[in-house]
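The values are calculated or read from the model by the stated rules, or taken from the named source; none is laboratory data. Note that this is a predicted model, so its numbers are computed, not measured. Using ideal geometry, Cβ is built from the backbone for each residue, glycine included, and neighbour counts are taken over all protein chains shown.
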Amino acid sequence: MNTKATKEMHINITVNLKKRFHATCVMKGKKMSQVVIELIEQWLESKEFSLTGETKSI
């Protein structure tokens, strides 16, 4: 059981993009939310500011 608190997030994307994303997730055996979380984490790794105000390098 996942004990981490979660918060729902809503986004608007085109119908075609959603269909493609859903189909690819199904083919890869992943839930769409899992992939979105992975993508957000990857984006933050490269863009998030450190406490010194500098961006993290990859």
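Descriptive notes on the structure:
- Filter pass, N16 being at pLDDT 85 or above and assigned to a loop (DSSP other than H, G, I, E, B): no
- The range 28-46 residues that are more than 19 Å from E8 (Cβ to Cβ), paired with ones that are of a type in the set (V, I, T) (beta carbon under 9 Å, 6 or more apart): K28/V35; E45/I58; S46/T55; S46/I58
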